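Written out below as structure tokens is the structure these notes cover.
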Amino acid sequence: MKLMDAAELVKQPPDVTENPYRKSGKEVSIGKQITSPEEESACQFFFDINEKHGRKRSSTGRDSKFSSHPKQPRKPPQPPGPCWFCLASPEVEKHLVVNIGTHCYLALAKGGLSDDHVLILPIGHYQSVVELSAEVVEEVEKYKATLRRFFKSRGKRCVLFERNYKSHHLQLQVIPVPLSRCATDDIKDAFITQAQEQQIELLEIPEHSDIKQIAQPGAAYFYVELDTGEKLFHRIKKNFPLQFGREVLASEAILNIPDKSDWRQCQISKEEEETLARRFRKDFEPFDFTLDD
């Protein structure tokens, strides 16, 4: 470059075009620059970069300090179509609902294995435990712990299971088993034995592990949680018996009510369901943590 002529150094290469973003002389005045509408809107998109103001601006360009619309709490996910379990849905059988929290609710299971067979369900539309937000998970865990105390006071242990397969809304089944019927190990053995008979690979996972660490959102699976905190997990790859969880619990080894393995064979009248729901609400009231909020 030392040996090059000054004219060569500043000479433009061939095929150069004009800069399309350069302002023409008409747009620039002495000591003052005119801001184009595009630049003005860009400046106001999130922050006003004018030093005189320096306050955060909303996406509408109005100062958030003077906004007449306060920030709204995040709405729970909505279903793409009709849903039997979203609490705000007209399809929900409201008479089965026995307790409502902030993010979840309890409902008697339709065609339950027992009169106190309940479901923990998210109020918003979530397909599985894996997809739950942190605050919903926290309340699910609170319901689980409370139900364990409730059933223990009534001489029962509870078994929880979820089948994320051919279902659109999370249903965490909670089934009480009388302490006199069998031990937790018997329940565990019954699940493992019947899984082996049906060529289902049911694996034990660490007690304090999170299902989210094992299953990805959208993945099909079945899992059981015992009153000791032990968990059994199966990753569904193709087909899976829809009534598997009920069949095991209804078997002779556990509840000994094999005729109730299919919920459709256990349906009762709406009046009977209402009676059971009223009874459960009354019994559960001393354990109801939502009354403390």
For ILE200 and GLU230 in one chain, what is 0.36 nm times their gap in residues minus the Cα-Cα distance, to one decimal in nm?
9.0 nm
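To one decimal place, what Kirkwood hydrodynamic radius in Å is obtained for the stretch 162-204 from all pairs of distinct Cα atoms?
12.5 Å
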Here FRET efficiency (C-beta to C-beta, LYS212 to ARG281, R₀ 35 Å, nearest 0.05) is 0.65
Calculate log10 I(q)/I(0) of the stretch 94-287 for q = 0.08, 0.16, 0.17 Å⁻¹, where I(q) comes from the Debye formula with a single equal point scatterer on each Cα and nothing for solvent.
-0.24, -1.07, -1.23
What residues qualify as long-range amide H neighbours of LYS156, i.e. H under 5 Å apart, gap of 5 or more or another chain, H built at 1.01 Å from N?
LEU179
Name the residues of the stretch 125-141 whose amide N is less than 15 Å from a point 7 angstrom out from the Cα of GLN78 along the C-beta direction?
125-126
If each part is reduced to its alpha-carbon centroid, the stretch 126-164 and the stretch 185-210 end up apart, in Å, by 19 Å
If packing is taken as the average count of other Cβ atoms within 10 Å, what order do 261-268, 113-120 fall into, highest mean first?
113-120, 261-268
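Taking only protein heavy atoms into account and a 1.4 Å probe, give the accessible area per residue of the stretch 94-287 in Å².
Values: 9280 Å² over 194 residues.
Here the residues of the stretch 94-287 average 48 Å² of exposed surface.
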Checking the stretch 145-231 for GluC sites (Glu not before Pro) in a loop per DSSP with at most 14 other beta-carbon atoms within 10 Å yields GLU201, GLU207
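The values are calculated or read from the model by the stated rules, or taken from the named source; none is laboratory data. Everything numeric in this text was worked out from a predicted model, so none of it was measured. Note that we place each Cβ from the backbone using ideal geometry, even for glycine, and neighbour counts take in every protein chain shown. We work out accessible area using only protein heavy atoms, side chains counted, and drop any ligands, DNA or RNA first. Shrake-Rupley method; radii C 1.70, N 1.55, O 1.52, S 1.80 Å.
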